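**Q** Got a structure for you, questions after.
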Amino acid sequence: MTMRSVKHLLLAAAALAVTVALASPGWAKELRILAWQGYADDDWVKEFKGQCGCDVSVVFIGTDDEIWAKIKGSEGKDFDLFAVNTAQLQRYIDAGLTTPIDLDKIPNQKQTLPRFQDLSKVTGVMRDGKVHSVPYAFDSIGIIYDPKKVSSAPDSMTVLWDPKYKGKVLDYDNGEHNFTITALTMGIADPYKLTAEQMDTAKKKLIDLKHNILSFYTTADEALQLWQNNDVAVMFANYGQQQVKMMKDAGLDIVYVNPKEGAIAWLDTWALTSGVRDKELAESWINFVLQKKIGEQLSQRTGFGNTVAPFPSASDKDTMVWLEFVEDPTKRADLWNEIKAAP
Amino acid sequence: MEGRVQHPPLLRPMDQRDIADGRRAVGAWPDALLTATAWALPTAFILVPLLLFLILGFFEIQGTEIVYRLTLKNYTRFFTDAGFLPTFISTCLLGLKVAAIAVVLGYPIAYLLASLRGRAKYTVAMFFAVPLLMSYIIKIYAIRSILGGNGFLNRSLLYLGVIDEPWTFLIFNLNAVMLTLAILLVPFAILPIFVALERIPRNLLEASADLGARPLLTFLTVILPLSLQGVVIGASLTFVLAIGDYVTPQMVGGIEGFTFGRIIYSQFGFGNNWPFGAALSVILLIPVLMAIVAADRAGRARYAT
Amino acid sequence: MMRLALPIQAALWIVAAFVLLLLYGPLFLAIFFSFFAFRSNRVQWDSFSFTAYARLMDNQRIIDALTNTFVVGVIAVALALVIGTLLALYHHAGRGRGRDLLQVVIYLPFLVPPIVTGLSLLIFFRQIDFERSLVTVVIGHTVFVLAVVYRNVLARLQTVSRTLVEASLDLGANRWQTFRYVLLPQLMTALLAAGILAFALSFDETLITLLVTGTKSTLPMWLWSMMRLGFTPDVNALVALVLAGTTLLCLLATRYLTKP
């Protein structure tokens, strides 16, 4: 039994060593980030580590839901910094999961594009005079059209209703967004908080829209496939630049434009958790990524807009209507089902 | 005389405890320490966390926080609100279909494996097990691109002239979910059936042949019944994995392929209703536990000792 | 097990080939695109290259993720095998309500949606102030695959002849020796099958891992997060390498562990 005991002992020791290795926290300063792919690329992290002499760990998630589950489940303790869009940010602030940011520690915020200079104008990032997150990346929902089939460049979502293109239009299958763009074409100031009558009017218009389209789509590749296999002239581009890139890569000749009445756009921001260990370190990361060169790389690599360097996807003249939680998602979803079912 | 006699491990002198113990069925378990060890991990890391969480099903949400007031609201809502019960039923049906396909495809393969000799048996078996170790996200992506309107399958069929227009019914609906899940889960069905077939004593088969039974009869009366346990285990495993899945429906289900797993998942995200999600998970446990019980029933009896 | 008539063998092989096609088709597609580029809706047949593989070697994050996945898998499966066998023996040795309850408890983490298992563990760890790290991931995986191991071992145990064990005890062996020399050999195939299934489940486990991990990533987490931007070519290279590596390992295992 002795050889075996020695083996067992060695195994136990190895197990213990591995456990210790797995569990040991870093002894140096550490920044823990929870983000989307593309927001904390390897080369940026390396450079930041060199500058701050600290350790940086990044965990990438796949959906918004996971961010909430992880941050709420750990009561903000597992990460210092996380990426969140302005609509969802409200929920985190309500639940006390964020720490207000000291803009003085982020001088690069002063060099951002005009649209993002005054944070009180960016819906959602401030609450009670305190800044809860800093804008970083965005993309808009606009119109993609085939310049050979559409004579004059469209500038509004109303082109989707244009009878000239009947049967050549693609619409995104989602109630919330469709109501929002319809509200914007109706000139309603706050398309995210519609009254019952406004919703009724929008519903009638959407039924009209339905009669003008070829098909709905859910994913970007589905849209691509529909476009390639059918005679399509114009599309509600829910996936913005991602769709543009995909279609251009597929060899299609298309043009993207943001509607003049305002384009729905999501805005991703950096926020500090309530459990942030080193607030200044986290703020220095935000300052670091707000450099022009990083913003440019972000846009080049992902196609999303950034907040510091100009990029073709959104010019300063475009109006962005940052995404917010709608007044009643269930009602919009139910009405959408009725619209789809209407003859 | 030599010194102390060295007894080989199996034949050392008995002591009183062994005599009393040995009489019991398989080997007694009187040791309190061993009992405690057995219960330690399950209690600490399963019972406590899960119970604490599933109990949330009896509370409700207000704003973003949970209000700790006992209520059956979440459970009644499942039955009263439209959409939940039908999706639940269609998901269970989906699970059954996937399990059926997996078993129907898996049984012949397990049978083939069991009929191979020596090393070939394990080598071929291994080829069916290896895909399990490959990331299923990659597989779903690949399957999605294969089944799509512009995908590999359609393109090949069009090229070969088998069809004139691409098949669009294979993607972004429940069919796609069912097919994808079946492809992903078939190996899970093969393994238990294979193990069950392997366990059938050869002498039973020889006896059957000696008694004059033709191969088909031997199959129907000896092999099939004895391998049924493996079939039930494989089917129940596939069923459980299929109905809880939400990744596949999300990726290939489109709008029509909406399953119960997605509803539950959304409660922990956008829906932000953990109590409701907990209640729905408990409800989902019912068909799942039924599948397990069925599998266990199939496992008892059968073997004379 | 039995000899099969030729036509039946042929039919079975056809089904097997079909299923193999279904199983490997998606994988081969991914591997194909690790060598060729896909531009303008067409395969670029002249673009054959190994650059994806070179990029993979440089991608430290993916390599770390892969390593973490293996480490977690091996440890979790080892733990699950030991604890699962212990629990199966415990269950098999007696009767009583306690044992039925234990069985349900063991199955729970596998049966409830992974988000529930993951979230409940995360909240629990937070409440007892247990730092999130790969250790918590191992714990999460162990409780998740425990059910599979337990079930397989118990099923096998139930077919072991009781007289054999009684005889062993009668002859003077103690419980450990009976286990080691009588039961364990009989459980080997079940343990092997359970181990493989458990490892496969752990290797792919995304959601529980994502929720209970601290700052480390595993491969499934990494792949899951690529959904938003799309897979980079080095991921396809990774698929190819993992497939090659796994196949090689299994071939070696069958060569050295089985008789011809």
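The values are calculated or read from the model by the stated rules, or taken from the named source; none is laboratory data. Please read these numbers as outputs of a predicted model, since none were measured by experiment. Cβ sites come from the backbone with ideal geometry, for glycine too, and all protein chains shown count toward neighbours.
**Q** I'd like the full set of residues that are hydrophobic (A, V, I, L, M, F, W, C) and exposed (fewer than 14 other Cβ atoms within 10 Å of the Cβ), limited to the range B:63-84. Before the answer, list the steps.
**A** We begin by selecting, within the range B:63-84, every residue hydrophobic (A, V, I, L, M, F, W, C); these are B:66-67, B:70, B:72, B:78-79, B:82, B:84.
Within the range B:63-84, B:Val67, B:Leu70, B:Leu72, B:Phe79, B:Ala82 qualify.
**Q** Related question: Quick one: in the range C:222-235, of everything that is at pLDDT 85 or above and under 19 Å from C:Ser34 (Cβ atoms), which residue is nearest to the other protein chains (Cβ to nearest Cβ)?
**A** Applying the first criterion (at pLDDT 85 or above) to the range C:222-235 yields C:222-225.
Adding the requirement that they be under 19 Å from C:Ser34 (Cβ atoms) leaves C:222-223.
Details: C:Trp222: 7, C:Leu223: 5 Å.
Result: C:Leu223.
**Q** Sticking with this one: Please tell me if C:Thr213 is touching a helix residue (DSSP H, G or I) at 6+ places or on another chain (Cβ under 7 Å), in contact (Cβ under 8 Å) with a residue 12 or more places away in the chain, of a type in the set (Ser, Thr, Tyr) and within 14 Å of chain A (Cβ to nearest Cβ).
**A** Values: touching a helix residue (DSSP H, G or I) at 6+ places or on another chain (Cβ under 7 Å): yes; in contact (Cβ under 8 Å) with a residue 12 or more places away in the chain: yes; of a type in the set (Ser, Thr, Tyr): yes; within 14 Å of chain A (Cβ to nearest Cβ): yes.
It is true that C:Thr213 is touching a helix residue (DSSP H, G or I) at 6+ places or on another chain (Cβ under 7 Å), in contact (Cβ under 8 Å) with a residue 12 or more places away in the chain, of a type in the set (Ser, Thr, Tyr) and within 14 Å of chain A (Cβ to nearest Cβ).
**Q** Which of the strands (runs of 3 or more DSSP E) found entirely inside the range A:185-287 contain at least 2 residues meeting this: under 30 Å from B:Glu165 (Cα atoms) and among the hydroxyl-bearing types (Ser, Thr, Tyr)?
**A** On the way: elements: A:215-217, A:234-237, A:255-257, A:263-273.
Hits in the range A:185-287: A:215-217.
**Q** In the range C:1-12, how many residues are under 30 Å from B:Ile146 (Cβ atoms) and either in contact with a strand residue (DSSP E or B) (Cβ under 6 Å, 6 or more places away or on another chain) or facing chain B (nearest Cβ under 7 Å) (or both)? Spell out how you get there, then give the answer.
**A** Filtering the range C:1-12 down to residues under 30 Å from B:Ile146 (Cβ atoms) leaves C:9-12.
Restricting the remaining residues to those that are either in contact with a strand residue (DSSP E or B) (Cβ under 6 Å, 6 or more places away or on another chain) or facing chain B (nearest Cβ under 7 Å) (or both) gives C:12.
Qualifying residue count for the region: 1.
**Q** Can you name every residue in the range A:89-102 that is at pLDDT below 90 and in contact with a Leu (Cβ under 9 Å, 6 or more places away or on another chain)?
**A** A:Arg91
**Q** Okay, next question. Just to be sure before I move on: is A:Ala137 within 30 Å of A:Leu226 (Cβ to Cβ), modelled with pLDDT of 90 or more and either assigned to a strand (DSSP E or B) or not aromatic (Phe, Trp, Tyr) (or both) in the structure I sent? Step through it out loud before you land on a result.
**A** Working: within 30 Å of A:Leu226 (Cβ to Cβ): yes; modelled with pLDDT of 90 or more: yes; either assigned to a strand (DSSP E or B) or not aromatic (Phe, Trp, Tyr) (or both): yes.
Yes.
Per-residue answers, yes or no, for (1) touching a Leu at 6+ places or on another chain (Cβ under 9 Å); (2) facing another protein chain (nearest Cβ under 7 Å); (3) closer than 26 Å to C:Val135 by Cβ; (4) at pLDDT below 85:
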| site | (1), (2), (3), (4) |
| --- | --- |
| C:Leu201 | yes, no, yes, no |
| C:Ile208 | yes, no, yes, no |
| C:Pro220 | yes, yes, yes, no |
| C:Thr246 | yes, yes, yes, yes |
| C:Ala253 | no, no, no, yes |
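**Q** On the basis of being touching a strand residue (DSSP E or B) at 6+ places or on another chain (Cβ under 9 Å) and within 14 Å of chain B (Cβ to nearest Cβ), does A:Leu97 make the cut? Give the steps one after another, and end with the answer.
**A** On the way: touching a strand residue (DSSP E or B) at 6+ places or on another chain (Cβ under 9 Å): yes; within 14 Å of chain B (Cβ to nearest Cβ): yes.
So A:Leu97 passes the test.
**Q** While we're looking at this one, here's another question. Looking at A:Gly38, is it within 7 Å of another protein chain (Cβ to nearest Cβ) and under 17 Å from the mean Cα position of the chain (by Cα)? Working first, answer last.
**A** Numbers: within 7 Å of another protein chain (Cβ to nearest Cβ): yes; under 17 Å from the mean Cα position of the chain (by Cα): yes.
Taking the combined requirement at face value, the residue satisfies it.
Listed here are the residues, each with its yes/no results for (1) surrounded by fewer than 23 Cβ atoms within 10 Å (Cβ to Cβ); (2) in the same structural domain as A:Phe288 (by TED's automatic domain parsing); (3) part of a strand (DSSP E or B); (4) modelled with pLDDT of 90 or more.
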| residue | (1), (2), (3), (4) |
| --- | --- |
| A:Phe48 | yes, yes, no, yes |
| A:Gln51 | yes, yes, no, yes |
| A:Val56 | yes, yes, yes, yes |
| A:Val59 | no, yes, yes, yes |
| A:Asp104 | yes, yes, no, yes |
| A:Ser120 | yes, yes, no, no |
| A:Pro147 | yes, no, no, yes |
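**Q** (1) more than 23 Å from B:Leu52 (Cβ to Cβ); (2) more than 8 Å from chain B (Cβ to nearest Cβ): which one isn't true of C:Thr159, the others all being true?
**A** Result: C:Thr159 fails condition (2) only.
**Q** Name the residue, out of A:Arg127, A:Arg115, A:Arg91, that is under 18 Å from A:Ile71 (Cα atoms) and not aliphatic (A, V, I, L, M).
**A** On the way: A:Arg127 fails: under 18 Å from A:Ile71 (Cα atoms); A:Arg115 fails: under 18 Å from A:Ile71 (Cα atoms).
Within the list A:Arg127, A:Arg115, A:Arg91, the selection yields A:Arg91.
For (1) buried (at least 23 other Cβ atoms within 10 Å of the Cβ); (2) within 13 Å of chain A (Cβ to nearest Cβ), each residue gets a yes or a no:
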{"site": "B:Thr248", "(1), (2)": "yes, no"}
{"site": "B:Gly253", "(1), (2)": "yes, yes"}
{"site": "B:Thr259", "(1), (2)": "yes, no"}
{"site": "B:Ile263", "(1), (2)": "no, yes"}
{"site": "B:Asn273", "(1), (2)": "no, yes"}
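**Q** Continuing with the same structure: Name the residues in the range B:89-112 that are more than 12 Å from chain C (Cβ to nearest Cβ), among the small types (Gly, Ala, Ser) and crowded, with 20+ Cβ neighbours inside 10 Å, would you?
**A** B:Gly95, B:Ala99
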